[in-house]
1. Going down the table (A:LYS71/C:LYS241; B:LYS153/B:LYS261; C:LYS249/C:LYS399; C:LYS24/C:LYS144; B:LYS51/B:LYS224; B:LYS224/B:LYS311), which pairs top 24 Å between alpha carbons?
2. Order by neighbour count: B:THR262, A:THR2, B:THR109, B:THR202, fewest other Cβ atoms within 10 Å first, most last.
3. Roughly how large, in nm² to one decimal, is the mean projection of the convex hull of the alpha-carbon atoms in the protein assembly as shown?
4. Where the convex hull is taken over the Cα atoms of segment C:2-87, what is its projected area averaged over directions, in nm²?
5. Quick query: amide H of C:ARG124 versus all other amide H atoms, modeled in the peptide plane; which residues come in under 5 Å with a sequence gap of 5 or more or a different chain?
6. Charges on Cβ only, +1 for Lys and Arg, -1 for Asp and Glu, centred on the Cα centroid of chain B; of B:VAL297, B:TRP145, B:SER258, which one is farthest towards the dipole's positive end?
7. All other residues with a Cβ under 10 Å from the Cβ of A:ASP39 taken together, and with Lys, Arg as +1 and Asp, Glu as -1, what is their net charge?
8. What's the FRET efficiency of C:ASP259 with B:ALA227 using the Cβ-Cβ distance as r and R₀ = 45 Å, to the nearest 0.05?
Amino acid sequence: MTEQEIRDAVLESLSGVAPELDLSEVEDDTDLRNDLDLDSMDFLNFVIAVSERLGVDVPEADYGRMDTLAKCVEYLRAAQAK
Amino acid sequence: MNGDGTAAPRLRLTYRDAVREAIRDALTRDERVFLMGEDVGRYGGCYAVSKGLLAEFGEDRIRDTPLSESAFVGAGIGAALNGMRPIVEVMTVNFSLLALDQIVNNAATIPHMSGGQFAVPLVIRMATGSGRQLAAQHSHSLEGWYAHIPGLKILAPATLEDARGMLWTAIEDPNPVLIFENVQLYDMEGELPADAGPVDITRAAIRREGKHASVVTFGGSVPKAVAAAETLAGEGVDVEVVDLRSLRPLDDATIMASVAKTHRVLVVDEGWRSGGLSAEVSARINEQVFYELDAPVARLAGVEVPIPYPKHLEDASVPQADTIAAALREMVGRR
Amino acid sequence: MSAFVMPSLGADMEAGTVVEWLRKVGDTVHHGDVIAVVETHKGAIEVEVFEDGVVEEILVPPGEEVPVGTALAMIGDGSGASAAAAPKAPLPAAAPPMAGEVRRPDVLKVKPKAPVAAEEGRRRVSPYARRRAEALGVDLADVKGTGPGGVVQAVDVEQAAGRARASGREAPAAPPGRRRGFDPEAMRQGIAAAMAKSHREIPHYYLDTTIDMQAAMHWLEAANAERPVAQRLLYATLLIKATALALRKVPELNGFWIDGGARPAERVHIGWAIALRGGGLMAPAIHDADTMSLDALMAAMRDLVARARSGGIRGSEMTDPTITITNLGERGAEAVHGLIYPPQLALVGFGRLAQAPLAIDGAVSVRPVVRASLAGDHRGSDGHSGGLLLAAIDALLQKPEGL
């Protein structure tokens, strides 16, 4: 899966959790929780969504490595490669 | 209270007794007073109002007349014009139609047409209303018709006090005064002070104070309205009952003050609704206190049929305490 | 048979609009069925029926705003007998007819006829009601008529003026026109009314305690490590379960202050404050949270958040909470001192989960901690009870395996 495909999957998952988001404003270093105002339930739903889309199991301990769009994509790309 | 500060003893009597006491009092006070009508003497009056008076006052002052309303009412007008103070009894308001010409064309007009030179200090008493199974020729309520006529004063005593007190005040009035005694009231019992006397004949009276709705009514419907008000008091609705007492002139001030207080009003009239007294009262309320109204003026009047003979139909044809209560419940939105 | 009425979906609700009937006349309904969708300033709420029966008559069509308590439909046994009991039946409750009594057609006819249906755009307001509205400064657009045929009478104006005073706002407040769905401005008004009432009427007392969350977080990490992501628990689940269990031990803080007295509730329905993105807040009930497993609780929370944000909260969920929990989560401030949602008796607040130095066994140790607070209604309880509740929550969180 290409980085762009992963990126698209992340953005689609975010959109599912927070439909009112303007995805064009989500940049690489946007903090998903603080800048997009996702609470823990939203973030959990986001993780569930990307996990299902990409077939990756994200341990809770790794949530901290997914706090921006860029880090998220990077983490998921690495996890998929395993 | 008497002038010396002691309370007068109270007498138990009926409305009929009170009217008789009023006549006796008038005959005693003024020798110009006499009673005239069909069967008022030997028979004692068709409702037994004048029973015993013939023996007490004699044939000159208690005069049986031929069965000719036009003649004896006309004679009463003539006597009044010539300085007497006649009390003319007409058996029922239905029969008074035979004297309509005398009452409307003569009694009511002569003071006006004579430029005030001639007064007609005549009192005509008549029975009115239904409730005694006397059928359609003896049971109607035509007070509203007479209340239409300028030059007349129209009274409707609904209490013992008024039955006792209105007559003398009416006799003293220089105008022709018609007193309507509702036949359902004759047997009404109560107490009056032994020294009860004349009362004013210009003001309406509040028979029961209330704040949620007013019933404006008169005559035989007053006790029914009070009974309905008592029923509604048990349901938390506080109803004021205004007894008009004088149907002409109407005491607008008292009516309007009550409506301004309660903001809802039901006009109850045993007479027919179309063109009736309830229409007049309703119209005046709308003219004078429209902006006080929290609900449309409501009316409860007689069913527009000749009064039936059978008891249950007769009862059903005029307002009763339960129908007054029902109309009030609907008006206050009892919910 | 009985009337299905417009429910009060919160202390701040005065009227609602049926947006949609989900059942029609003749349908059989059962206790708990959602039969209508009602629009309030909290958005669309699904309203349940609380009896078994048949919808015999629908009295309020979609789109009509009616005051709380107005009969919306009649639920009966299917015989149609409820029609006579429907409040729209115009006949007065006269004495039962005697044998032989006849109808009094004219007597009935002379009663003022209730206006059948108000003409479009023309409101029926009694003359006296107009004068009262002017005197009291009430905007008639905000007044719902309860007289015959919906006419506005003086009592309606006076009640509207009383409500405006009670909610501490100057009349008029509501913008004209109908709203559909979620209206952040209207919700703000609702929150404003409820919180102003709370602040004005409820004598709050506040207690704080710092809870060592190390045991709870260790347990949670271990539990979640074994679970696929879709079955993981949120840390808030532990807080809610611990609070629900603690309320069993301190029941005087669970329930309502009604009519001048505390009415503790037998069951524990946690009102969970959910922030809505785009503004607004609601605290719908997690029913019987004290009896739920953590997994069931987590499922209930997920469901509730999803429905809160999509507008599918049910009426009972709005009215049932016996206490509210507000949880700032893993971000935000260290502590929260909230206002009680009337008529509840208390509110429990949890601040941000943070690392902080804590004295443990005579030594300073850095631990995950959370500041728990209690806002109590001092009319219904005293600080002692509040302290017991916070202590019980603390104790329960030290043994997360028991939750």
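No value in this document is a laboratory result; all are computed from the given coordinates. The structure displayed is predicted, hence computed values, not measured ones. Glycine also receives a Cβ, built like all others from the backbone with ideal geometry; neighbour counts cover every protein chain displayed.
1. Pairs exceeding the cut-off: A:LYS71/C:LYS241; B:LYS153/B:LYS261; C:LYS24/C:LYS144; B:LYS51/B:LYS224.
2. Lowest to highest Cβ neighbour count: A:THR2, B:THR202, B:THR109, B:THR262.
3. 48.6
4. 4.9
5. C:VAL152
6. Among B:VAL297, B:TRP145, B:SER258, the one farthest towards the positive end of the dipole of chain B is B:VAL297.
7. Local net charge: 0.
8. It comes out at approximately 0.80.
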